[in-house]
Every structure is written in C-alpha cells, then in structure tokens.
Amino acid sequence: MNSDREFSHGTDDAPAIDVQGLTKTYGDKTVVSGLTFQVRAGTVTGFLGPNGAGKSTTMRMILGLDRPAEGRALISGRPYSELGEPLRHVGALLDAGAAHPGRTARDHLLCIARANRIADSRTDEVLEQVGLATAAKRRIGGFSLGMRQRLGIAAALLGDPRVLILDEPVNGLDPEGIRWLRKFLKDLANQGRAVLISSHLMTEIALLADRLVVIGKGSLLADVSMVEFAEEHGRSRVQVRSTEPLRLQRALDRKGLRVEAADDSSLEVYGAGLEEIGRIAAHEGTPVLALSQVEDSLEDAFMRMTSGAVEYVARPLGEVA
C-alpha cells in the first residue's frame with residue numbers, strides 16, 4: 001500500500017459506509033432491526049454489542065453476503081454488488097480461518113489477487129506490511145491464530161481499499177501484534193480511509209476508535225464519538241475509605257448525596273467532589289483513610305448500557321443448581 005495515498009475527507013462526499021434501516025430475519029427471529037448508522041472517511045469506528053447482538057450479520061449485509069429483509073447498506077454511495085472491482089473499494093476480514101490450510105500464505109493471496117486483477121507484486125507488499133514476509137512460503141495449516149489474523153488483514157489490504165471492515169481482528173494477536181494493529185489502523189484512518197472494527201476487547205476500542213456504534217438485540221443503542229459516549233454514559237464518583245464507613249454514610253445521606261457501599265470500609269459517592277466529601281468527613285469527625293476520583297471505563301459504560309440486551313447470561317457458580 002502506498003502510505004502517501006490519501007482520500008478525500010470532504011463533508012459533501014457520501015459516507016464510506018451508509019446503513020439505513022437494515023432488518024434481517026431468520027424465520028420468526030429478528031436478528032437486526034431497523035439499524036441505521038454511518039461510517040465516515042478518516043475515522044476508526046468501533047462496532048460493539050453483546051454476543052448475538054447482530055454485529056456479524058450486519059457486516060455480512062454490508063458486504064452483500066446476506067440479503068436484508070428491509071433497508072439498505074451502501075459503500076461509497078453504492079451497494080456492494082454494484083462496485084466495480086469491489087476489493088479496490090472495500091477490504092474485509094470476517095473469518096480468519098477462511099483460508100485453505102494446504103496453501104502457503106503467498107499462494108492464498110495470489111489466488112485472491114489474480115481473481116481481482118491485482119498485480120502479483122502486491123501480495124509481497126501486504127505480507128511485508130502485516131509482518132508475515134518470512135512466513136510467505138509456509139503452509140497456512142501451521143499458522144497460529146494470530147498469524148491467520150495477520151494473513152486475513154493482508155487479504156483485506158490487497159486492493160488498497162478506501163474502506164476496511166474487520167470482525168474481531170485482535171483475536172489471537174500477542175501484545176506486539178495488538179500494538180502494531182492499533183497503530184496501523186490509526187495510520188490508515190489518518191490517510192483518509194474508513195475503518196469499521198468489531199471487538200470484545202474494550203480497552204483496545206477505547207485506545208483505537210474515534211466513534212462508537214453500539215447495538216443490542218439487533219437495534220441501535222448509541223452512535224456517538226468516544227468523547228460523547230464517555231460524557232453521556234460514563235459515571236464519575238468519589239471513592240472514600242474510612243474506619244467508620246456507616247457513620248460517614250449517614251452524614252453523606254443527610255446532605256442528599258447518593259452513596260453506595262463498595263466494600264466493608266469503602267463508599268462510592270455520586271454528585272460531590274473530593275473537597276466537599278473531605279469537608280463533610282472532617283465536620284463529622286470520621287477518619288478518612290483514602291479519597292479518590294473514579295471514572296467509568298469504556299467496559300463499565302458498555303456493560304451498563306447493554307445490560308438489558310444480553311442474550312446469553314452466565315450465573316455465578318453458587319447460583320447454579
């Protein structure tokens with residue numbers, strides 16, 4: 001890929017991915033319901049949702065692999081089926097295992113390249129980019145999951161596309177691979193490309209994404225920037241640890257503050273800052289051992305938002321009959 005190649009960020013351009021009212025049913029089960037969102041050039045968009053939320057089905061409909069019952073999905077203003085040489089417009093990784101184990105990495109990419117009228121030399125370029133140049137002649141059957149992920153990303157890059165759609169690309173990558181992927185995808189977005197990435201690793205999405213699209217049970221729950229998501233769905237509170245937590249809690253209750261017990265000696269207080277809580281504790285004469293501001297992580301906010309949209313819920317061992 002030519003790292004100097006840049007794409008238009010123009011606001012008048014069609015969205016890189018435009019999903020409008022997508023609905024997908026299997027029999028009497030609705031998997032995706034009236035889903036609408038957009039992915040713009042120059043951004044990394046995290047696509048989040050619990051297992052069974054409809055993320056993979058949505059990606060398949062965007063790529064023309066599944067037909068929606070209603071709605072439409074466009075890439076650069078056109079359905080996937082109408083894209084001339086689609087690999088030059090959009091690259092995708094949906095299943096890292098979708099490669100013949102008996103082929104070498106280079107032969108696998110050569111088959112894809114020649115089917116899409118892409119020069120053979122491009123296979124060596126993308127293998128170098130994803131760190132698999134030394135494994136080019138190895139058979140895929142001997143690859144680790146992380147190596148298969150890198151190969152899948154290489155295949156997605158073959159056509160030097162404007163749009164990338166990656167389903168759980170972090171799975172199986174070691175720490176070095178995760179760091180590489182994080183920087184690589186940010187670099188692609190900085191060139192003006194659009195990246196849609198699903199992942200269950202919230203810490204990675206928090207470090208990587210510019211925007212979030214969150215779905216639950218096939219419906220849209222949020223389509224916001226990372227900053228907006230934190231402001232709207234995060235919770236800020238003060239954690240205070242005392243030798244007399246019950247006495248301190250009564251004092252905080254009298255001030256009309258919301259207080260939750262964190263453990264036997266700690267309280268979490270909402271609606272007040274560190275100084276105010278410190279003053280209340282001092283006035284009450286309750287010793288304070290620790291006082292700190294706590295912010296929700298992306299995972300905390302995500303779990304709270306999707307708590308009513310989780311299809312598969314495990315129970316603690318003590319509750320299992």
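Computed from the coordinates by the stated procedures, all read-outs in this text should not be read as laboratory data. Since the structure is predicted, the reported quantities are computational estimates derived from the model, not experimental observations. Glycine also receives a Cβ, built like all others from the backbone with ideal geometry; neighbour counts cover every protein chain displayed.
So which trypsin sites (Lys or Arg not before Pro) in the stretch 100-130 are both in a DSSP loop and have at most 13 other Cβ atoms within 10 Å of their Cβ? Within the stretch 100-130, the qualifying trypsin sites (Lys or Arg not before Pro) (loop, at most 13 other Cβ atoms within 10 Å) are R117.
The charge dipole of the stretch 236-295, taken about its Cα centre with unit charges on the Cβ atoms of Lys, Arg (+1), Asp and Glu (-1) only, comes to about 220 debye. Take the Cα of V224, step 7 Å toward its Cβ, do the same at E176, and the gap between the two points is 3.9 nm. The residue list V213, Q191, T57 was ranked by how far each Cα lies along the charge dipole of the chain toward its positive end, using unit charges on Cβ atoms, and T57 comes out on top. The long axis of helix 175-190 is offset from the longest Cα principal axis of the chain by roughly 70 degrees. The stretch between A262 and A14 holds 84.4 nm of extra length on full extension. This uses 0.36 nm per residue minus the Cα-Cα distance.
Judged by the mean number of other Cβ atoms found within 10 Å, the most tightly packed of the peptides 202-215, 17-30 leads the ranking 202-215, 17-30. Each peptide in 273-285, 157-169 gets a packing score, the mean of other Cβ atoms within 10 Å over its residues, and the list from highest to lowest is 157-169, 273-285.
The DSSP beta bridges internal to the stretch 69-224 are antiparallel in roughly 45% of cases. Which label marks the calculated value of P(r) over Cα pairs in 10 Å bins from 0, in percent, given the options (i) 6, 22, 26, 20, 12, 9, 4, 1; (ii) 6, 26, 36, 25, 7, 1; (iii) 6, 25, 28, 19, 12, 5, 3, 2, 1, 0? Answer label, from the structure shown: (i).
Taking the 0 to 90 degree range and rounding to the nearest ten, how far is the long axis of helix 274-284 tilted relative to the main principal axis of the chain, both from C-alpha atoms? Between helix and principal axis, roughly 20 degrees.
Sort 225-233, 50-58, 72-80 by packing, meaning the average of other beta carbons within 10 Å per residue, with the highest value first.
The most tightly packed comes first, giving 50-58, 72-80, 225-233.
Cα centroid distance between the stretch 191-240 and the stretch 42-101, in Å? Taking the Cα centre of each part, the stretch 191-240 and the stretch 42-101 sit 19 Å apart.
Subtract the Cα-Cα distance of N51 and S297 from 0.36 nm times their separation in residues, and report this length gain in nm to one decimal.
Full-extension gain reported as 86.6 nm.
Note on E284 and N190: the model spin-label points, each 7 Å out from Cα along the C-beta direction, lie 4.9 nm apart.
Counting only DSSP beta bridges with both residues in the chain, what percent are antiparallel, rounded to the nearest 5? Roughly 65 percent of the beta bridges in the chain run antiparallel, per DSSP. Scanning residues 5 or more positions from T25 or on other chains, those with amide H under 5 Å from its amide H are V31, A69, with H placed 1.01 Å from N in the peptide plane. Rounded to the nearest 20, the Cβ-based charge dipole of the chain about its Cα centre (Lys and Arg +1, Asp and Glu -1) stands at 860 debye. Could you tell me whether the stretch 236-295 comes out rounded, prolate or oblate from its Cα gyration tensor? Rule is a ≥ b ≥ c as square roots of the eigenvalues, rounded for a/c under 1.5, then prolate if a/b exceeds b/c, otherwise oblate. The shape class here is rounded. Let me know the shape class of the stretch 92-243, please: from the alpha-carbon gyration tensor, a ≥ b ≥ c as square roots of the eigenvalues, rounded when a/c is under 1.5, otherwise prolate if a/b is greater than b/c, or oblate. Here the stretch 92-243 falls in the prolate category. Using only Cα atoms, locate the centre of the stretch 117-187 and the centre of the stretch 243-261, then give the distance between them in Å, rounded to an integer. After rounding, the separation between the Cα centres reads 54 Å. Rounded to the nearest 20 debye, the dipole size of the stretch 95-180 about its Cα centre is 280 debye, using +1 on the Cβ of Lys and Arg and -1 on the Cβ of Asp and Glu. In terms of Cα atoms, the Rg and Dmax of the stretch 55-158 work out to 14.7, 46 Å.
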